Amino acid sequence: MEKFRAKITGIEAFLPEYILTNEELSKMVDTSDEWITQRVGIKERRILKGEGLATSDMGAEAVKKLLKKTGTNPDSIELIVVATITPDMMFPSTACLISEKAGIKNAWGFDISAACSGFIFALQTASQFIESGRNKKVIVVAGDKMSSITDYTDRSTCVLFGDAAVAMLLEVTTEDVGVIDHHLQIDGSGKDFLYLKAGGSYKPASHATVDAKEHFIYQDGQPVFKTAVSKMADTSVEMMKKHGISNEELAWLVPHQANMRIIESVGRRMGLTKDKIMININRYGNTTAATIPLCLWEKEKELKKGDKLILSAFGGGFTWGTIYLKWAYN
Ligand code: ACO
């Protein structure tokens, strides 16, 4: 029997126009361009401004651009999987809102919550619907309006995050390209290091939670840093060993863009030179679910059919994962 794989056949992004620079942040909190550049490697990030605009608006714009670019009839899309931790609302899902805004009428869909690993989890989930033979055309959207949960009086987190959304078309193939293998994992004992304290069923929104700023990201940075480096590097190395891929043979490592020092440490632990690692954190910061596909979108023209890519992410939960894929087009 023929083996079905999911191949990426197009990618598009939406980046908000507003650029929040280190200089502007230095006027908002006690920080400096020097500290931010040295400690996290970010120079600027995009922020979605405008009353009533949310993650679904960025996602829908990316989807509309994707449909146009790939010449895809919206009616042919069967499934939309959205990775986000900043859904427009608790329900309905952002997938519902994006499908409506982008004019997709024949699909089903759902959201995946895996923080910074969201894209990796969504790509694998969507791929499995194609591998099973159930679906032929699926859209994965990875997007976050991180500015909606960022406390711009907290210097330890507000310098890190940005807003963006990326949409990707997955189609069925029987060629030896596309999503080849994955290792995904969760460990809830990491829950206290990176989370949103209130707004869910555990602690519903109240005047007290707002006063205590519990609707903003809470992070204990150092344990997150250490665990991110070991999980991303070790699962990437294991994946490469399993498939007999040498560092020379690897076209690109595409790591989640959390922090330049995390990316550099992962590269060092894997023995990879910097020219093999996709990096754009300096221009967009940590856009959570969107970072990995944003890198792929920017490098799309340089990627060649058959290129071996390792995508690796780590995020709140804890969640982490690595996907091995072979790029499907020139
Ligand atoms: N500007 C100036 N000083 C700052 C800033 C800032 N923006 N932020 C923190 N500091 C200060 C702290 O107040 C502290 O000062 P003190 O020594 O007087 O108390 C000092 O810098 C060191 O603080 P630490 O928190 O120990 O700094 P650290 O070296 O750990 O860097 C950071 C903090 C950048 C958050 C780091 O822990 C980190 O990168 N962690 C990984 C977390 C991450 O990237 N998360 C993103 C989401 S998770 C993910 O995507 C995987």
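The values are calculated or read from the model by the stated rules, or taken from the named source; none is laboratory data. All of these numbers come straight from a predicted model, not from anything done at the bench. Quick reminder, even Gly has a Cβ in these numbers, built from the backbone with ideal geometry, and neighbours come from all protein chains shown. Side chains are part of the model used for accessible areas, which takes the heavy atoms of the whole protein and leaves out ligands, DNA and RNA. Shrake-Rupley method; radii C 1.70, N 1.55, O 1.52, S 1.80 Å.
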Exercise. Can you pull out the residues in the range 90-121 that are under 20 Å from residue 8 (Cβ atoms) and in a loop (DSSP other than H, G, I, E, B)?
Worked result: 104, 107, 114
For this session: Scan the range 39-69 residue by residue and report those that are within 16 Å of the ligand (Cβ to nearest atom) and among the charged types (D, E, K, R).
Result: 39, 43, 44, 45
For this session: Kindly indicate whether any position in the range 154-161 is in contact with a Leu (Cβ under 7 Å, 6 or more places away or on another chain) and either open to solvent by 20 Å² or more (accessible area, probe 1.4 Å) or within 12 Å of the ligand (Cβ to nearest atom) (or both).
Result: yes
Exercise. For the range 259-294, what are the residues that are among the hydrophobic types (A, V, I, L, M, F, W, C), open to solvent by less than 20 Å² (accessible area, probe 1.4 Å) and within 17 Å of residue 38 (Cβ to Cβ)?
Worked result: 262, 263, 281
Seminar exercise, completed: So the helices (runs of 4 or more DSSP H) completely within the range 1-89 holding 1 or more residues that are under 14 Å from residue 102 (Cα atoms) and open to solvent by 10 Å² or more (accessible area, probe 1.4 Å) are 55-70
Problem set entry | Per-region count, the range 162-196, residues of a type in the set (Ser, Thr, Tyr), surrounded by 15 or more Cβ atoms within 10 Å (Cβ to Cβ) and more than 11 Å from the ligand (Cβ to nearest atom) | 1
Exercise. Is it fair to say residue 131 is surrounded by fewer than 20 Cβ atoms within 10 Å (Cβ to Cβ), at pLDDT 95 or above and closer than 22 Å to residue 88 by Cα?
Worked result: no
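Residue-by-condition table, conditions (1) farther than 24 Å from residue 196 by Cα; (2) surrounded by 13 or more Cβ atoms within 10 Å (Cβ to Cβ); (3) more than 12 Å from the ligand (Cβ to nearest atom):
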residue	(1), (2), (3)
221	no, yes, no
224	no, yes, no
239	yes, yes, yes
248	yes, no, yes
251	yes, yes, yes
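When the range 294-330 is examined, which residues are found to be within 16 Å of the ligand (Cβ to nearest atom) and of a type in the set (A, V, I, L, M)?
Within the range 294-330, 294, 311, 313 meet the criteria.
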Exercise. Any idea which of (1) open to solvent by 20 Å² or more (accessible area, probe 1.4 Å); (2) more than 13 Å from the chain's Cα centre (by Cα) is the one residue 297 doesn't satisfy?
Worked result: (2)
Problem set entry | Pairs, first farther than 19 Å from residue 187 by Cα and in a loop (DSSP other than H, G, I, E, B) in the range 197-226, second among the small types (Gly, Ala, Ser) and open to solvent by 60 Å² or more (accessible area, probe 1.4 Å), C-beta under 6 Å, six or more apart | 199/205
